[in-house]
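**Student:** The structure follows.
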Amino acid sequence: MTVHIPSALRSYTGHKSWVEAEGRTLAEVLSALERRHPGLRFRIVTEQDRIRPHIRIFVNETQAQTLETPLRPGDQIHIVCALSGG
């Protein structure tokens, strides 16, 4: 699986914009990323194992609603951070 990392989280991936990970669900992919890039999962997922409110995750072109979203080999995952300010 190819995972696009937004610029706000690239400090966890050595400033890489794309990383590879394996898993049958979004949860498994994020756990695999955490093993290679400690601290990344916490920025995406709450302590209750929910996608954080300011994060959107797309599998190919469809927004994932839960971490149990099934994945297939070759899927592309895009993590998007909402920006805010005042």
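**Student:** Right, residue 27: surrounded by 12 or more Cβ atoms within 10 Å (Cβ to Cβ), among the small types (Gly, Ala, Ser) and either closer than 18 Å to residue 81 by Cβ or out of contact with any Leu (no Cβ under 6 Å at 6 or more places or on another chain) (or both) or not? Spell out how you get there, then give the answer.
**Tutor:** On the way: surrounded by 12 or more Cβ atoms within 10 Å (Cβ to Cβ): yes; among the small types (Gly, Ala, Ser): yes; either closer than 18 Å to residue 81 by Cβ or out of contact with any Leu (no Cβ under 6 Å at 6 or more places or on another chain) (or both): no.
The answer is no for residue 27.
**Student:** Does segment 31-54 hold any residues that are under 12 Å from residue 5 (Cβ atoms) and among the aliphatic types (A, V, I, L, M), and which are they?
**Tutor:** 33, 40, 44
**Student:** Is one or more of the residues making up segment 73-83 more than 18 Å from residue 17 (Cβ to Cβ), β-branched (Val, Ile, Thr) and modelled with pLDDT of 95 or more?
**Tutor:** Checked against the condition, which is being more than 18 Å from residue 17 (Cβ to Cβ), β-branched (Val, Ile, Thr) and modelled with pLDDT of 95 or more, segment 73-83 yields no hits at all.
**Student:** While we're on this one: State which residue is nearest to residue 78 (Cα to Cα) when the search covers only segment 8-24 and only residues that are surrounded by 14 or more Cβ atoms within 10 Å (Cβ to Cβ) and out of contact with any strand residue (DSSP E or B) (no Cβ under 9 Å at 6 or more places or on another chain).
**Tutor:** Ranking the qualifying residues of segment 8-24, first place goes to 10.
The values are calculated or read from the model by the stated rules, or taken from the named source; none is laboratory data. Because the structure is a prediction, the values reported are computed rather than measured. Methodologically, a virtual Cβ is constructed for each residue, glycine included, from the backbone with ideal geometry; neighbour enumeration extends over all protein chains shown.
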